[in-house]
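Novice: Got a structure for you, written out below as structure tokens; questions coming shortly.
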Amino acid sequence: MNTITSINELTKDLQPRKFGLRGQLWTTLLVLIVLNGFVSYYFQLKNGLSVTDMSNYVSWGIYISNFVFFVAISLVGSLISAILKLSNAKWSIPLTRIAEIIAVANIMFAGLIIIVDMGRPDRILNLFMYGRIQSPIVWDVLVVMTYLAISILLLYIPLLPDLALLRDKMKDIPKWQHQLYKILSLGWTGTEAQYKILHKSVNGLAIVIIPVALGIHTVTSWLFASTLRGGWNSTNFGPYFVAGAFVVGAAAVISLMYIARRYYKLERYLNEDIFDKMGKLLVMLSLVYTYFTINEYLTPAFKMMEGERSLIQDLFIGGFAPMFWGVQIFGVIIPVFVMLFRKGRKPLPLFIVANMVIVGAWFKRYLIVIPTLFHPYLPAIKQNGVPSAIHYFPTWHEWSITIASLAGSMLIITILFRYLPFISMWEIAEEQHIELDPIIPAVEKSKN
Amino acid sequence: MRTMKNIFSKLMLVAVSVLIAGNIATAQEKIAPKLRLSYIKHMSGTSEIKARAYSKKGKEFEPCMGVTIGFYKDADEEQLYKKQDVDHMGETTVLLSEQDASAFRDSTGQYHFYAKIEKNTKYKSAEADLAVMSATIDAEFKQENDSTKVLKATLMVYDAASKKMIPGASMPLKCGVKRALCLLPVGKELNNTNDQGQIELSFPNDIPGDKDGNLTIVVKLEEDDNYGTVMFEKTVKWGVPLLHPDNPLASRSLIGSRNNAPWFMVVVISSILIAIWGYLCYIVFGLYKISKSGHAGS
């Protein structure tokens, strides 16, 4: 990172800015997609899940695969904010808040999309009133709520000094925005005691979030693995899900940091060295993930047990083969190959392959959820006399709600980018030994 | 800038309208539904009108979901009794007390029910009606000294000519024991009544009952063209008491009820939740301290 000499320079670079034409168009587009999702959801509420193509056999569709995707992408909060932070990887400081923003936005929509999948969302309270603690679904609800709470705290607490900076330094903003910064900064003055609480809280949360983050994706995998079905009946599923989640989460951070760098001209904060390091990290995570993928498919494919056989054939050479091999080739193999080279880890190529990884990861979740339901252990009997009772292709309502949920999470990220500094100013100042007086005079003292 | 904002707001308005119109358009292909009514009279005093809305898709029938059915007392549909939404099977049931049912009865003693599917964005309107006469079933349960159990049931039907209840001769009655999902048949599939409207069955001694040996015995006339369904039910101690020495649901296990979760699971999960949420509360308390010191300092 090029040397920054003063707090004014830092604030000027990193304080929230009004959107230009592109920003406004982007926000408008997201709002429209979300509104369209609301309209479709209204019809789903009115007519029930009959507007979807889900049935007795394929009872989980893209809502659930999208839920798994959201949970996976949210795991990046723990990777960047906790694992890299605790391993003292200073280069990741500019990424911490971007990662936490992604985590909060996605875990919120993970919770929402589950409610969308319920035929009777008005009965959601029954889950808490009558849920069985033996059920992985109840564990999942508990762990999603816990992870959301930790992610919000981990986003909010390190924001306090920055909010105080915005409160004191941003003068030409609307009154409500100033008032918002004033309320949210909790009267932060940067005393030694306040910094002590902040450091203690952030370090504690960074430790707590690791088992919870591993838990959220492991428990999500158990929703499948605790069911006796081909493709899901696997002891490998917990670590497989966690590995896949780290991959898509890291890719999401790369994608967002490229957009931030390009749009806000932040080349000296999000420099090529950070991209290079994130590229290497993504290669390593992708290779671990590939190892689990081989474990997941090789042993059942070698045995070809009755029940699993039809599913594996369907994935390898059947109807799902184009999607399956497309995910492996375009979502894993080509990105890893590109990122092995230094030039491939430059911002633009890395941005492109990161997006390939994200798209591949979404389809991978589709492949985890839906094909298994096409191959039940019990023979598929005729349904209402129709021989091909097993069918599924998402309806227009399902697509529009799913796309709206993805747009919704991007809208939250966009709004947070608009009103919050998405790179931690006080942490950069701390690292660059810049005096933040009067806001952060006690940084060094508290550390000592 | 103001012009730009105006353009955006108009753009959004147009796009939202198009999207909403698109969604509505997909829901506007109207289907012609069919409606079927049936009547069930319980000898306990209540009766039911069951309506089923369905449509034909290819060679199959499928339920009409999301429709409302209006039940009327007259053919002109002027005297509305009730409106109800159907369930996911396209069915809805109206419960009637004896007094309610009498409102549907005409001077000849016949009950007339009229129903109509209210048209909506997906379905057209459809009508159906049903006319039934009154019928009753009564039963006696006799146990001989040699422990032979005999069930004697009598069917009486309303005769419009004499305006009296007369024995329902040569009519098929079903008899069985009520189980969770269906009726466990006793005797023949159908037992025809004699001239006195009676049937007599010897009841088996080996049917499992509840823990006290109670069985709910049902005698019914099913879906008769003239009388609908008439159902007699009585709980009698004619079963073999069923004891559950090892009910797995009653002990603490993974498959147990929510109150019978294994202790280790309750302790482990509760401990984890209390520890993490306790720590989060402590963090929030830290925020309170930050706020307090900040405001005190300022």
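The values are calculated or read from the model by the stated rules, or taken from the named source; none is laboratory data. As the structure is a computational prediction, the values presented were derived from the model and not from experiment. Here the Cβ is made from the backbone with ideal geometry for all residues, glycine too, and neighbour counts use every protein chain on show.
Novice: Return a yes/no flag: does the stretch B:27-36 have any residue that is outside any loop (DSSP other than H, G, I, E, B), at pLDDT below 90 and either more than 30 Å from B:L130 (Cβ to Cβ) or within 14 Å of another protein chain (Cβ to nearest Cβ) (or both).
Specialist: Looking for residues that are outside any loop (DSSP other than H, G, I, E, B), at pLDDT below 90 and either more than 30 Å from B:L130 (Cβ to Cβ) or within 14 Å of another protein chain (Cβ to nearest Cβ) (or both), one finds at least one in the stretch B:27-36, hence yes.
Novice: Mind counting the residues in the stretch B:98-120 that are at pLDDT below 90 and touching a Gly at 6+ places or on another chain (Cβ under 9 Å)?
Specialist: 3
Novice: Looking for something among the small types (G, A, S) and at pLDDT below 90 - is there at least one such residue anywhere in the stretch A:360-380?
Specialist: Looking through the stretch A:360-380, at least one residue is among the small types (G, A, S) and at pLDDT below 90.
Novice: Being closer than 24 Å to B:M89 by Cβ and within 24 Å of the chain's Cα centre (by Cα) is the filter here; which residues of the stretch A:42-70 pass it?
Specialist: Within the stretch A:42-70, A:W60, A:G61, A:Y63 meet the criteria.
Novice: I'd like to check something: does the stretch B:77-85 contain any residue that is within 14 Å of chain A (Cβ to nearest Cβ) and loosely packed, with under 14 Cβ neighbours inside 10 Å?
Specialist: yes
Novice: Only one of these is within 23 Å of A:G249 (Cα to Cα) and crowded, with 17+ Cβ neighbours inside 10 Å: A:I274, A:I294. Name it.
Specialist: Sole residue among the options that is within 23 Å of A:G249 (Cα to Cα) and crowded, with 17+ Cβ neighbours inside 10 Å: A:I274.
Novice: Residues that are among the basic types (K, R) and facing another protein chain (nearest Cβ under 8 Å): does the stretch B:239-254 have at least one?
Specialist: The answer is no, given that none of the residues of the stretch B:239-254 is among the basic types (K, R) and facing another protein chain (nearest Cβ under 8 Å).
Novice: List the helices (runs of 4 or more DSSP H) inside the stretch A:151-269, counting only whole elements, that have at least 3 residues being of a type in the set (F, W, Y) and surrounded by 18 or more Cβ atoms within 10 Å (Cβ to Cβ).
Specialist: A:192-225, A:237-264
Novice: I need the full set of residues from the stretch B:258-292 which are surrounded by 14 or more Cβ atoms within 10 Å (Cβ to Cβ), under 38 Å from the mean Cα position of the chain (by Cα) and more than 7 Å from every other protein chain (Cβ to nearest Cβ), in order please.
Specialist: Matches in the stretch B:258-292: B:N260, B:P262.
Novice: Further, regarding this structure: Considering only strands (runs of 3 or more DSSP E) fully contained in the stretch B:128-240, which possess at least 2 residues that are free of Cβ contacts under 8 Å to residues at least 40 places away in the same chain?
Specialist: Result: B:135-143, B:164-167, B:183-185, B:215-224.
Novice: While we're here: Is it fair to say A:I102 is within 25 Å of A:V359 (Cα to Cα) and crowded, with 24+ Cβ neighbours inside 10 Å?
Specialist: Criteria met by A:I102.
Novice: Is there any pair linking a residue in the stretch A:33-47 that is facing chain B (nearest Cβ under 7 Å) to one that is among the β-branched types (V, I, T), with Cβ under 6 Å and at least six apart or on different chains, and which?
Specialist: So the pair list comes out as A:L35/B:V16; A:V39/B:I20; A:S40/A:I401; A:F43/A:V51.
Novice: I've got another one for you. Can you work out which of the residues in the stretch A:129-150 that are part of a helix (DSSP H, G or I) and either among the charged types (D, E, K, R) or free of Cβ contacts under 8 Å to residues at least 12 places away in the same chain (or both) is nearest to A:G77 (Cα to Cα)?
Specialist: The residue in question is A:A149.
Novice: Can you name every residue in the stretch A:67-97 that is of a type in the set (S, T, N, Q) and either over 19 Å from A:S255 (Cα atoms) or in contact with a strand residue (DSSP E or B) (Cβ under 9 Å, 6 or more places away or on another chain) (or both)?
Specialist: Result: A:S87, A:N88.
Novice: Tell me which of these A:S221 doesn't satisfy, since it passes every other one: (1) without any contact (Cβ under 8 Å) to a residue 60 or more places away in the chain; (2) of a type in the set (G, A, S); (3) under 30 Å from A:D162 (Cα atoms).
Specialist: (3)
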